[in-house]
Amino acid sequence: QEVMDVEEKCQPPRAPWYERHVQPCVAELLGSALFIFIGCLSVLEDTGGTGRLQPALAHGLALGVTIAILGDI
């Protein structure tokens with residue numbers, strides 16, 4: 001019976017409900033909002049000479065920033 005007690009004590013405690021449910025949803029909402037906002041602004045402010053490069057770089061940088069900030073959630 002001592003073996004059973006040791007196995008039960010070794011289990012890590014469960015994370016609170018907000019870390020399991022609310023935090024990922026808020027991170028997804030903020031990440032998507034940032035990605036869409038930056039992407040739309042990069043297309044609106046498009047100058048004639050940049051072509052497809054400006055929106056592509058803006059989307060790539062927005063995605064990189066979003067992953068760097070919210071990636072551990």
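The values are calculated or read from the model by the stated rules, or taken from the named source; none is laboratory data. The shown structure was predicted, so the numbers you read here are calculated from the model rather than taken from an experiment.
If residue 13 satisfies all but one of (1) modelled with pLDDT under 75; (2) in a loop (DSSP other than H, G, I, E, B), what's the number of the condition it fails?
It fails just one condition, (1).
Specify which of the listed residues (43, 26) is of a type in the set (Val, Ile, Thr) and either at pLDDT 85 or above or not in a helix (DSSP H, G or I) (or both).
Going through 43, 26 in turn, just one is of a type in the set (Val, Ile, Thr) and either at pLDDT 85 or above or not in a helix (DSSP H, G or I) (or both): 26.
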